[in-house]
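Let me begin by presenting the structure, written as structure tokens, before commenting on it.
The values are calculated or read from the model by the stated rules, or taken from the named source; none is laboratory data. Here the structure is a predicted model, which means the values were calculated and not measured. So basically every Cβ, Gly included, is an ideal-geometry build from the backbone, and we count neighbours across all protein chains shown. Each accessible area value is taken on the protein alone, full model and side chains, heavy atoms only, with ligands, DNA and RNA left out. Shrake-Rupley method; radii C 1.70, N 1.55, O 1.52, S 1.80 Å.
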Amino acid sequence: MSKRTFAIIKPDAVKNNYVGKIYNHILEKKFKVLSAKLIKMSKFQAEQFYLVHRDRPFYEELTSFMSSGRCMVLALEKENAVESWRNVIGATNPEDAQDGTIRKLYATSLGENAVHGSDSNENAEKEISFFFCESELI
Ligand code: CMP
């Protein structure tokens, strides 16, 4: 069972001042924050990060949004971290998310859905190393 996952508090949630509330969810669910930083992605960085979606019709919208403002990137640690974090954030579309999940509580729409979570252990490691070097993971 892998212990690390990667999270983003997206520009809509930062703009709406939900960083503190979402950070509290992370701590209440007993994740250890290995690292966290506030960044503003370039359009190129967002395109590289979401390259797997490059053929999807929403790729332009997604990468423009993700580079539109500040976001917080986090490396999280917990037993079964990937699945556990995905349960905390809820379904991609906030309309389908269960009550109490972060997306149900704080997301704006399907495109502006407050948070990101890795979908596999392999992608978690790739995504963590996209934004953090090992010496930052403490
Ligand atoms: P995320 O978990 O960051 O991974 C890919 C993102 O693409 C997803 O969250 C959504 O924000 C976004 N996304 C997925 N489907 C759509 C869609 N149909 N229109 C716009 N954005 C989408």
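Details
- Per-residue ³J(HN,Hα) for the stretch 11-25, Karplus 6.51 cos²θ - 1.76 cosθ + 1.60, θ = phi - 60°, Hz, x for Gly and Pro: x, 5, 5, 5, 4, 7, 6, 9, 4, x, 5, 5, 4, 4, 4
- Simple spin-label estimate for Lys15 and Leu110 gives 2.0 nm between the two label positions (7 Å along the Cα-to-Cβ direction from each Cα).
- Amide proton proximity set for Arg70, modelled H, under 5 Å, gap of 5+: none
- Accessible area of Arg54 in the full protein assembly, 1.4 Å probe (Å², nearest 10): 130
- Take every Cα pair under 8 Å whose residues are at least 6 apart in sequence, average their separation, divide by the length of the chain, and the relative contact order is 39 percent.
- A cut-off under 14 angstrom between Cβ atoms defines the neighbours of Ser109, and their net charge, with Lys, Arg +1 and Asp, Glu -1, is -1.
- The count of lysine pairs in the stretch 4-133 that are at least 8 places apart or cross chains, and whose C-alpha atoms lie under 12 Å apart, stands at 4.
- Residues with amide H under 5 Å from that of Asn80, placed H, sequence gap 5 or more: Ser2
- Using 0.36 nm per residue and subtracting the Cα-Cα separation, the extra length available between Phe58 and Arg70 on full extension is 2.3 nm.
- Whole-percent pair-distance distribution, where bins are 10 Å wide, for the alpha carbons of the stretch 1-112: 14, 43, 38, 4
- Probing with 1.4 Å while keeping every protein chain in the model, the per residue accessible area of the stretch 4-133 equals 51 Å².
- Calculated from backbone phi, Karplus (6.51, -1.76, 1.60) coupling profile of the stretch 41-51 in Hz, x at Gly/Pro: 6, 6, 4, 5, 4, 4, 5, 5, 4, 9, 3
- Label separation (Glu122 vs Lys3): 2.3 nm, computed from points 7 Å beyond Cα along the C-beta direction.
- Just the protein heavy atoms count here, and of the accessible area of the stretch 15-138 at 1.4 Å, carbon and sulfur take up 48 percent.
- Potential lengthening of the chain between Leu51 and Lys29 amounts to 4.9 nm, from the contour at 0.36 nm per residue minus the alpha-carbon distance.
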